[in-house]
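Everything below concerns the one structure shown next.
The values are calculated or read from the model by the stated rules, or taken from the named source; none is laboratory data. None of the values given here were measured: they were computed from a predicted structure. Virtual Cβ from ideal backbone geometry, glycine too; neighbours counted across all protein chains shown. For the accessible areas, the whole protein counts, side chains as well, though only heavy atoms, and no ligand, DNA or RNA atoms are used. Shrake-Rupley method; radii C 1.70, N 1.55, O 1.52, S 1.80 Å.
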Amino acid sequence: MTENKLAGRPWKKLALIASLFLAAPAHATPVLVVDADSRQVLYQEDAGVPWYPASTTKLMTAFVVFEALRSGEVTLTTPVTMTRNATKQAFLESGLTFGRTMTLEDALFAMIAASANDVAVALSEAVAPDETSFVRKMNEAATRLGLTGTHFSNPNGLFDKTNYTTARDLAILGMEVDRLFPEYRRFFLASAVTIDGKEIKSNNLLLTRFSGTIGMKTGFLCASGRNIVGLATRNGKRVMVVVLGATTERERNERSAQYLTQAFEGRLPSKAGLVTHLQNRTDVAPQDMRVRLCTGESAAYEASRDALYPMGLPGNKSYLGDEIPGQVHAISTRPNEALSDVPLPVRRPS
């Protein structure tokens, strides 16, 4: 069929382009499913391939903050103030302005549930002398945890070529956050927050649609696609799932729920060994998904992914059938009187 004949049939044209995506070499996106207690790998696809983490970066930000809480460097009531640097961050939904202040406890909820990029930076500046010092702590922690395919360049996951990780490393990080800091698991359970009355919902639909979910973090950039590090428990079994590079929120949520379901039902093989035995790839660079997700090619690429992963589409089974009441955490901020754009009056010399 020629281009001219296709011009008047946009859906057929889209289907043809999508078929070309499917016929071409697969655009692999990493997947990893792990028994969180035994650390046995239940399923994996390209788990050692580097990827841009987007807001799953905030798992390490939380880890460093939790360490600071445990050591007594800060407390849950430590004030976290929106600095100039914090308010310069991109993709802000919080509505917070320079000088607004909240407790560190509320800041953790805002960063994890609402994925607030500005609050992540403000947190880093409350825990360390500055953002750069905090990022150094993030990378030191990554080294201690054996995250050999990871490097962080900021606390919120905004795009930077030097901010990368792997599904292997994210799974280990998520399991260590959960294992080492059980007293802070509540921060990952909130399905929404309100900040001065404005509601911001978590993008982790598993929290309200897949029973047993206990966290952890989603993320999205055009360069990364839609990522998730999920943790769920049923009948005493805890399973970690990592999906990177999903095209739509439906795909990300349905695929992660499907892998969790299969793991809980014992339908995933467990012959791949321990997650720590997986090898990270240092010979390849992270894929940049921007052309596929945020350009004129995105419709065709999405159609090809829908064909591969139709779960939840009309006429197809959904793995998100549960109805779970959401947990909403209310946050109130206040002005920091020590910060003001108005210069203080200077006393005249006597």
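The set of residues in the stretch 285-316 that are under 22 Å from the mean Cα position of the chain (by Cα) and part of a loop (DSSP other than H, G, I, E, B) comprises A285, P286, Q287, D288, M289, C294, Y309, M311, G312.
State whether one or more residues within the stretch 295-313 are touching an Asp or Glu at 6+ places or on another chain (Cβ under 7 Å), of a type in the set (F, W, Y) and in contact (Cβ under 8 Å) with a residue 24 or more places away in the chain.
Taking every residue of the stretch 295-313 in turn, at least one turns out to be touching an Asp or Glu at 6+ places or on another chain (Cβ under 7 Å), of a type in the set (F, W, Y) and in contact (Cβ under 8 Å) with a residue 24 or more places away in the chain.
Which of the residues belonging to the stretch 77-105 are free of Cβ contacts under 8 Å to residues at least 40 places away in the same chain and under 23 Å from the mean Cα position of the chain (by Cα)? If the condition is that a residue be free of Cβ contacts under 8 Å to residues at least 40 places away in the same chain and under 23 Å from the mean Cα position of the chain (by Cα), then A86, T87, K88, L92, T103, L104, E105 are the ones that fit.
Of T233, T218, all but one fail to be hydroxyl-bearing (S, T, Y), within 15 Å of the chain's Cα centre (by Cα) and either assigned to a strand (DSSP E or B) or buried (at least 21 other Cβ atoms within 10 Å of the Cβ) (or both); the exception is T218.
If you take the residues of the stretch 151-171 that are outside any helix (DSSP H, G or I) and hydrophobic (A, V, I, L, M, F, W, C), which of them is most open to solvent (accessible area, probe 1.4 Å)? So the residue we want is F159. The set of residues from the stretch 255-269 being out of contact with any strand residue (DSSP E or B) (no Cβ under 9 Å at 6 or more places or on another chain) and open to solvent by less than 30 Å² (accessible area, probe 1.4 Å) comprises just one member, T261. A272 passes every criterion in (1) assigned to a helix (DSSP H, G or I); (2) open to solvent by 20 Å² or more (accessible area, probe 1.4 Å); (3) under 19 Å from D46 (Cβ atoms) apart from (1).
The single residue among S55, S133 that is part of a helix (DSSP H, G or I), polar (S, T, N, Q), touching a Phe, Trp or Tyr at 6+ places or on another chain (Cβ under 9 Å) and open to solvent by 10 Å² or more (accessible area, probe 1.4 Å) turns out to be S55.
Pull up the stretch 325-336, narrow it to residues that are open to solvent by 50 Å² or more (accessible area, probe 1.4 Å) and in a loop (DSSP other than H, G, I, E, B), then point me to the one that is farthest from G212 (Cα to Cα). My answer is S332.
The set of residues in the stretch 136-150 that are open to solvent by 30 Å² or more (accessible area, probe 1.4 Å), in a helix (DSSP H, G or I) and more than 21 Å from Q89 (Cβ to Cβ) comprises E140, T143, R144. Screening H277 with (1) open to solvent by 60 Å² or more (accessible area, probe 1.4 Å); (2) modelled with pLDDT under 95 gives one miss only, at (2).
Flag not set for E176, criterion: open to solvent by 30 Å² or more (accessible area, probe 1.4 Å) and either out of contact with any Pro (no Cβ under 9 Å at 6 or more places or on another chain) or touching a residue at least 12 places away in the same chain (Cβ under 8 Å) (or both).
Contact map, the stretch 266-280: first residue touching a residue at least 12 places away in the same chain (Cβ under 8 Å), second residue assigned to a loop (DSSP other than H, G, I, E, B) and open to solvent by 60 Å² or more (accessible area, probe 1.4 Å), Cβ cut-off under 8 Å, separation 6 or more or different chains; pairs are N280/T148. Tell me whether the stretch 205-212 contains one or more residues that are at positive phi, of a type outside the set (D, E, K, R) and either surrounded by fewer than 19 Cβ atoms within 10 Å (Cβ to Cβ) or at pLDDT below 95 (or both). The answer is yes, given that some residue of the stretch 205-212 is at positive phi, of a type outside the set (D, E, K, R) and either surrounded by fewer than 19 Cβ atoms within 10 Å (Cβ to Cβ) or at pLDDT below 95 (or both). Within the stretch 284-294, one or more residues are at pLDDT 95 or above and open to solvent by less than 20 Å² (accessible area, probe 1.4 Å). Screening the candidates E125, E105, E93 for the property of being among the acidic types (D, E), more than 19 Å from Y164 (Cα to Cα) and not in a helix (DSSP H, G or I) yields one hit, E93.
So which residues in the stretch 221-230 are open to solvent by less than 10 Å² (accessible area, probe 1.4 Å) and either over 22 Å from R179 (Cα atoms) or among the acidic types (D, E) (or both), if there are any at all? Full working, then the answer.
Taking the stretch 221-230 and keeping what is open to solvent by less than 10 Å² (accessible area, probe 1.4 Å), we get 223-225, 227-230.
Across the stretch 221-230, the qualifying residues are A223, S224, G225.
For the stretch 296-335, the set of residues classified as in contact with a Gly (Cβ under 7 Å, 6 or more places away or on another chain) and closer than 14 Å to Q258 by Cβ consists of S318, L320, listed by residue number.
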